[in-house]
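What follows is a single structure, written as structure tokens, with notes after it.
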Amino acid sequence: MHRVASYESFQDGQIIFNEGDQGDRVYLIDSGSVEVSKMISGSKVIVEMLQAKEIFGEMAFISNIPRTATAMAIGKTTLGILDRTYLMEELNRLSDDTQAIIRSMVCRLKKATDVLTQTGIKPSCSQ
């Protein structure tokens, strides 16, 4: 399962991180919910509502890019912070080619999410 290094609690409406922040953490929702949003032409666009057991914050972590969205706690929310050292060890075990493919996928996902949110279409994925 996921290696959680620590836990943090957030109150309803509390910002976990802002779009544009540097991202060195990946989060696992232990309880509560998280709203993920982007600012498009001065308006807040909700990209996704995440629930318990979902992971977020991985794009900035994997590709060393600024946060692509703002994450806000909905209700009292407890997040597990995944162990950075463990995640880096796991990523570094992958070949350079595989790492490049994953970073390329993250870049394309960022671009696609930007385009979709600008057009008002909410991205979705089946898990």
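The values are calculated or read from the model by the stated rules, or taken from the named source; none is laboratory data. Bear in mind that the values here come from a model prediction, so they are computed numbers and not experimental data. Reconstructed Cβ throughout: ideal geometry from the backbone, glycine too, with neighbour counts over all protein chains shown. Ligands, DNA and RNA are stripped out before the accessible areas are found, and what is left, the full protein with its side chains, is counted by its heavy atoms. Shrake-Rupley method; radii C 1.70, N 1.55, O 1.52, S 1.80 Å.
What residue, among those in the stretch 19-51 that are among the polar types (S, T, N, Q) and not in a strand (DSSP E or B), is surrounded by the fewest Cβ atoms within 10 Å (Cβ to Cβ)?
Ser41
Checking Thr70 against (1) surrounded by 14 or more Cβ atoms within 10 Å (Cβ to Cβ); (2) more than 18 Å from Gly20 (Cα to Cα), which single condition isn't satisfied?
With (1) surrounded by 14 or more Cβ atoms within 10 Å (Cβ to Cβ); (2) more than 18 Å from Gly20 (Cα to Cα) applied to Thr70, the lone miss is (2).
I'd like to verify a number: residues in the stretch 9-18 that are hydroxyl-bearing (Ser, Thr, Tyr) and surrounded by 14 or more Cβ atoms within 10 Å (Cβ to Cβ), how many?
Within the stretch 9-18, residues that are hydroxyl-bearing (Ser, Thr, Tyr) and surrounded by 14 or more Cβ atoms within 10 Å (Cβ to Cβ) number 0.
With Ile74, Ile46, Ile65, Ile40 as the choices, which residue is β-branched (Val, Ile, Thr) and within 13 Å of the chain's Cα centre (by Cα)?
It is Ile65.
How about the stretch 79-101: which of its residues are surrounded by 14 or more Cβ atoms within 10 Å (Cβ to Cβ), of a type in the set (Val, Ile, Thr) and in a helix (DSSP H, G or I)?
none
Report, ordered by the first and then the second residue, all pairs with beta carbons closer than 7 Å, sequence separation of six or more or different chains, a first member in the stretch 1-18 that is outside any strand (DSSP E or B), and a second member that is surrounded by fewer than 13 Cβ atoms within 10 Å (Cβ to Cβ).
Sorted first by the residue in the stretch 1-18, then by its partner, the pairs are Asp12/Gly75.
Mind checking which pairs have a first residue in the stretch 52-64 that is of a type in the set (S, T, N, Q) and a second that is open to solvent by 30 Å² or more (accessible area, probe 1.4 Å) and in a helix (DSSP H, G or I), Cβ under 7 Å, 6 or more apart or different chains?
From the stretch 52-64, the pairs are Ser63/Arg103; Ser63/Cys107.
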